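Please read the structure below before turning to the comments.
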Amino acid sequence: MSPLTPRMNPHALAALTALVAITAAAVAGTGRATPPAGNGLIAFQRYLFQDSPLQADIFVARADGSGRRRVTRAPHGLIDGEPDWSPDGRRLAFQRCLTVDGPCTIWSINADRTGARRLTPRGAKKCADETSPAFAPDGETIAFECMTRRHGQPIFSLVAMDRDGGNRHVVVRGTQGAGVGRPQFSPDGTRLVFEHQNITAKPKNGHATYVVSLDGTGMRRVTPWSLRAGDHPDWSPDGSLILVRSLSNGPDFLHQGNLYTVRPDGSGLRQVTNFGPTVNLLQNGSFSPDGAAIVFATTSGSIKTKHSNLPDVFTVGLDGTGLRTVTRSRNWEGSPDWGPAP
């Protein structure tokens, strides 16, 4: 299982439905490159924990929660998640997983629910697991997290491909000591921001946000190790800020920190949200296309049922004020991405 993409195991699922707080995630929350544009629909994952069958699909809605509709309909038992809007707001890339622990493949679909297409090649392929797709600003390239195995050990790397799944190449190759994943493009399309997680490398189990050029050069860390920042970092539409979540991959998805912004050179770190230590789950999301707000998911203020407390989707201003609900459901709703108006 990817250390960068924790997923819910059967024991965690049983515990969740047995009156305990969330201790694991179905598919990790996503932060997406947001092209500068007028604000369009918010795409998100709805995981049917409370309703039958137990699966996940991609939905879209307006920022006020209206106009909600399903875009994907996963085959029985499969899990669709991690939606990412194309820069024209007409198509979504997403991952489709066989189980909560993978393996996953990359797909794309039109926002009107037509044209679903598998981008992961069938049969023999270099990636055993493909997650976290992200469109480039020109819509011609998609970056994603690729898991391979070396001597039986998982290796997590950043890979780019054409929008039809061809011409794949590694941008940053992970090692057994450190994995990389959850990529997102800069607005000018020349760099990727991503999460870097140490496994045996020092500091051991360290998390940080990095940027790198598309040719793999100029890699640099932009957040301090002490912040343990990551969880699908997102670039602001004007390129001046990066959105991260602190305490990425916190223990048992408890005390998951807060959302922060930081400049791409590592300066100007600023806290946006102020959730307390009792928040069970906080998922990073994305900037709005106009750059004035952020969408994310959390259990703080979400719908609580007799059996569980699952995340809902919210928006908030860049100054941390003006918190508004997008979804109110007893199901798991997360992995939000704010798309441009088509």
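The values are calculated or read from the model by the stated rules, or taken from the named source; none is laboratory data. Source: prediction; values computed, not measured. So basically every Cβ, Gly included, is an ideal-geometry build from the backbone, and we count neighbours across all protein chains shown. Just so you know, the surface numbers come from the protein's heavy atoms only, side chains and all, with ligands and any DNA or RNA stripped out. Shrake-Rupley method; radii C 1.70, N 1.55, O 1.52, S 1.80 Å.
When MET219, MET161 are compared by accessible area of protein heavy atoms, the largest-first order is MET219, MET161, using a 1.4 Å probe.
State the percent of C-alpha pairs, over all pairs in the range 230-342, separated by a distance greater than 16 angstrom.
57
What net charge is computed for the residues neighbouring LEU41, neighbours being all others with C-beta under 10 Å from the C-beta of LEU41, Lys and Arg scored +1, Asp and Glu -1? Residues near LEU41 contribute +2 overall. Packing, taken as the mean count of other beta carbons within 10 Å per residue, orders the peptides 281-292, 174-185, 139-150 from highest to lowest as 281-292, 174-185, 139-150.
At an R0 of 45 angstrom, the distance between the Cβ atoms of VAL170 and THR305 translates into a FRET efficiency of 0.55. The solvent-accessible area of ARG70, taken with every protein chain present and a 1.4 Å probe, is close to 70 Å².
Rg/Rh, computed from the Cα trace of the range 166-218 with Rh as the Kirkwood radius, has the value 1.00. Taking the Cα centre of each part, how many Å lie between the range 214-243 and the range 163-207? Measuring centre to centre over Cα atoms gives 11 Å. A 1.4 Å probe over all protein chains sorts HIS169, HIS196 by accessible area into HIS169, HIS196, starting with the largest. Note on ARG113 and SER240: the extension gain reaches 42.4 nm, defined as 0.36 nm multiplied by sequence separation minus the Cα-Cα distance. Coupling constants for the range 94-111 follow from the phi torsions by the Karplus curve (6.51 cos²θ - 1.76 cosθ + 1.60, θ = phi - 60°), and in residue order they are 7, 10, 10, 10, 6, 9, 5, 9, x, x, 10, 10, 9, 10, 9, 7, 6, 5 Hz; glycine and proline get x. Reported to the nearest whole Å, the Cα centre-to-centre distance from the range 257-275 to the range 316-342 is 18.
Aspartates and glutamates within cross-link reach of LYS126: Cα-Cα under 14 Å, excluding same-chain residues under 8 positions apart? Those aspartates and glutamates meeting the cut-off are GLU145.
Just want to confirm a number: the relative contact order over the range 59-174, from Cα pairs under 8 angstrom separated by 6+ residues, in percent. About 16 percent, as a whole number.
So what's the projected area for the range 120-262, the Cα convex hull averaged over all directions, in nm²?
9.0
Annotation: LEU323 carries an accessible surface of approximately 100 Å², with a 1.4 Å probe and no ligand, DNA or RNA atoms counted. Accessible area per residue (1.4 Å probe, heavy atoms of protein chains only) ranks ASP88, ASP188 as ASP188, ASP88, with the largest value leading. Ligands, DNA and RNA aside, SER226 has an accessible area near 100 Å² when probed at 1.4 Å. Evaluating 6.51 cos²θ - 1.76 cosθ + 1.60 at θ = phi - 60° for every residue in the range 185-201, the Karplus couplings come out as 7, 6, x, 8, x, 9, 9, 10, 9, 7, 9, 10, 10, 6, 10, 10, 5 Hz, glycine and proline recorded as x.
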